Amino acid sequence: MSFFSWAWDWITTSANWHGNGTGLDGSIPQQLLAHLGYSALPLLIAAAIAVPLGVFTGHTGRGAALIASLANVWRAIPTLGLLVLLVVLLGFSPLTWLLPLVALAIPPILVNTHEGVAGVDRDVRDAAKGAGMTAWQQVLHVEVPIALPLILVGLRTGAVFVVATATIAAYIGLGGLGRFIIDGLARNEYGPVAGGALLVVILAVLVLALFALISRLVVPAGLRKQERSE
Amino acid sequence: MMWSWISSNEGMIWQETYETAYLGVVSALIGLVISLPLGIVAARWRWVRPPVLTIVNVIYAIPALALFIALIPSLGLTDTNVIVALTAYSLCVITPNVAAGIRAVPPAVRQAATAMGYGPLRRLVTVELPLAIPVIIAGLRVAVVSGISLTSLGQLIGVSSLGFLFIDGLQRSFPTEIWVGLVLVIVLALVCDLVLIGIRRALTPWASRA
């Protein structure tokens, strides 16, 4: 049988949608909701830290070199290793999974926000200043809107990353769709493993679609026209 | 930290480090070989670009663990499984860069090559691709670094790498082992990154040293 038929059979088995019918921890809707929560919370915290910080560094040009190297080192960090280390050192607690998820979601958001704001055309900045805008107005009404496409790319990368890492965090005991995968692997049952994996993929693709929709709604029309003609 | 554990397990640590480097580097290189024609096609024909970029974005969003699992029925719990999955990711980061690098060649340079009698193929190989090297290598760097770090996830489906130190370290509640794995993965990735920077400098002597 192929991956899809395994996954499809498991997902469409109605017992898996109710109570403890999966024979594993929780039903599909329960773990799906849990996964959404475990992904949304760190993403929101990371965004609340990284977006203002990136706007600040991009506007002032401070710390550019540091941010460039952060972008590089970030990809080298093995998430499984970090999660496992924290569990062994601190035991399983919200700190153990929330802290690394937040910390690892910050770099893509920070780097893209910084690049977006720092990349605003010199002439555009001068024009905003010449029109009598205060520093705050320049940032909020000119630089951030122009940087918005890149800020959204950063948030999208962070969101996709958090969905994937929350899956891996099941290995250290976190709930969510990763439970089906990790528990299924431990029991040598491919059904829940495939089903859980397919649900995670669907979730990740939905996140992409959501961000495509958001950028259609919030990116200023003038910027979109520019992108298309480019 | 129990330093003595490192010396008494040196053989195993080197073996897993080699395995990690092998899986990460091989998949990035296969990705490069496939990305070159794909990127060239995407650079040449305008209508190819949007679908290629969309497909690439979607594949890149698939969590690695899920991709390993999806490949189990056809490839089993093998090195090949991990290499195929990581190759897919490296395609996603290198192909757009190949296309962008070729497209960024200034029109004047292209016209000069044509004026000197270069045909399209010769111009591509001797002018456009060399000028695109910095952008292509930037993509390759991302592929190698993230590939090496993702390799450790292969351990969850039993494909051996430095990820073994994470899983074994957790089961034995032994921080030293996990620290060693963590540091080696990061160091290995950054060393490969530096090697690629060196290769780029050697290949593009005309570029600034910045």
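No value in this document is a laboratory result; all are computed from the given coordinates. Just so we're clear, the structure is a prediction, and the values are computed from it rather than from any experiment. Don't worry about glycine lacking a Cβ; one is built from the backbone with ideal geometry, like all the others, and counts go over all protein chains shown.
Using a Förster distance of 25 Å, how high is the FRET efficiency between B:Ser74 and A:Asp25, based on the Cβ-Cβ distance and rounded to 0.05?
0.30
To make sure I understand, if each residue's beta carbon is the centre and we count other beta carbons within 10 Å, what order do B:Val109, B:Val52, A:Val87, B:Val98 fall in, fewest to most?
B:Val109, B:Val52, A:Val87, B:Val98
Among B:Leu86, B:Leu124, A:Leu199, which comes first, then next, by fewest other beta-carbon atoms within 10 Å?
Exposure proxy ranking, most exposed first: B:Leu124, A:Leu199, B:Leu86.
How far is the Cα center of region A:68-86 from the Cα center of region B:141-209, in Å?
10
Around A:Glu143, under 11 Å between beta carbons, what's the net of Lys plus Arg minus Asp minus Glu among the other residues?
Here the count lands on 0.
Take peptides A:146-157, A:181-192 and line them up by average Cβ neighbours within 10 Å, highest first, as a rough protection proxy.
Those peptides, ordered most packed to least, come out A:146-157, A:181-192.
Between the helical axis of A:94-118 and the dominant principal axis of chain A, each derived from Cα atoms, what acute angle in degrees is found, rounded to the nearest 10?
30
Rank these for me by crowding, A:Ser27, A:Ser14, going from fewest to most other beta carbons within 10 Å.
A:Ser14, A:Ser27
Shielding of B:151-159 by partners, i.e. mean partner chain Cβ atoms within 10 Å per residue?
3
Using alpha carbons only, how many angstrom separate the centre of region A:87-122 from the centre of region B:65-112?
When both Cα centres are located, 25 Å separates them.
Among A:Pro100, A:Ile28, A:Ala212, whose Cα lies farthest out toward the positive end of the dipole of the protein assembly as shown, if unit charges sit on the beta carbon of Lys, Arg (+1) and Asp, Glu (-1)?
Of the candidates, A:Ala212 comes out farthest on the positive side.
Quick one: the Cα spread of the protein assembly as shown along its three principal axes, in angstroms, biggest first?
In descending order, the Cα extents are 67, 50, 48 Å.
Please compute the modelled spin-label separation between B:Ile6 and A:Leu206, points set 7 Å along Cα→Cβ, answer in nm with one decimal.
Label-label distance for A:Leu206 and B:Ile6, simple model: 4.6 nm.
Where does the charge balance sit around A:Ala186 when Lys and Arg score +1, Asp and Glu -1, over other residues with C-beta under 14 Å from its C-beta?
-1
For region B:1-113, build the convex hull from the C-alpha positions and give me its volume per residue in Å³.
Here the figure is 168 Å³ per residue.
Normalised by the residues of region A:26-225, what does the relative contact order come to in percent, with Cα pairs under 8 Å and at least six apart?
Reported as a whole number, the value is 27 percent.
Tell me the label-point distance for the pair A:Met1, B:Val183, using the 7 Å Cα-to-Cβ offset, in nm and rounded to one decimal.
It is 4.6 nm.
Let me make sure I get this right: for chain A, a, b and c are the square roots of the gyration tensor eigenvalues over alpha carbons, sorted descending. Under 1.5 in a/c it's rounded, otherwise prolate if a/b > b/c, else oblate. Which is it?
Prolate is the answer for chain A, as a/c is 1.5 or above and a/b outweighs b/c.
Find the centroid of the Cα atoms in region B:1-55 and in region A:157-230, then give the distance between the two in whole Å.
If you average the Cα positions of each part, the centres end up 22 Å apart.
Give me the dipole magnitude in Debye, nearest 20, for chain B about the Cα centre, with unit charges on the beta carbon: positive for Lys and Arg, negative for Asp and Glu.
The calculated dipole for chain B is roughly 1300 debye.
Starting from 0.36 nm per residue, how many nanometres of slack lie between A:Val73 and A:Ser14 once their C-alpha separation is accounted for?
Taking A:Val73 through A:Ser14 to full extension adds about 16.8 nm, to one decimal.
What distance in nm separates the simple spin-label points at A:Asp121 and B:Val109, each placed 7 Å from Cα in the Cβ direction?
About 2.4 nm, to one decimal.
What is the sum of charges, Lys and Arg at +1 and Asp and Glu at -1, for the other residues whose Cβ falls under 13 Å from the Cβ of B:Tyr18?
-4
So if I place +1 on the C-beta of Lys and Arg and -1 on the C-beta of Asp and Glu, and nothing else carries charge, what would the dipole magnitude of region A:26-225 be about its Cα centre? I want it in debye, nearest 20.
200
For peptide B:190-198, how many partner chain Cβ atoms fall within 10 Å of a residue's Cβ, on average?
1
Round to the nearest 0.05 the FRET efficiency obtained for A:Ala40 and A:Thr60 when R0 = 30 Å and r is the Cβ-Cβ distance.
0.50
If you line up the long axis of helix B:49-61 against the longest principal axis of chain B, both from Cα atoms, how many degrees apart are they, to the nearest 10?
10
Other chains near A:5-16: what is the mean number of their Cβ atoms within 10 Å of each residue's Cβ?
Neighbouring Cβ atoms belonging to other protein chains average 1 per residue here.
Relative to the longest principal axis of the C-alpha atoms of chain A, give the angle of the C-alpha long axis of helix A:178-187, reported between 0 and 90° and rounded to the nearest 10°.
30
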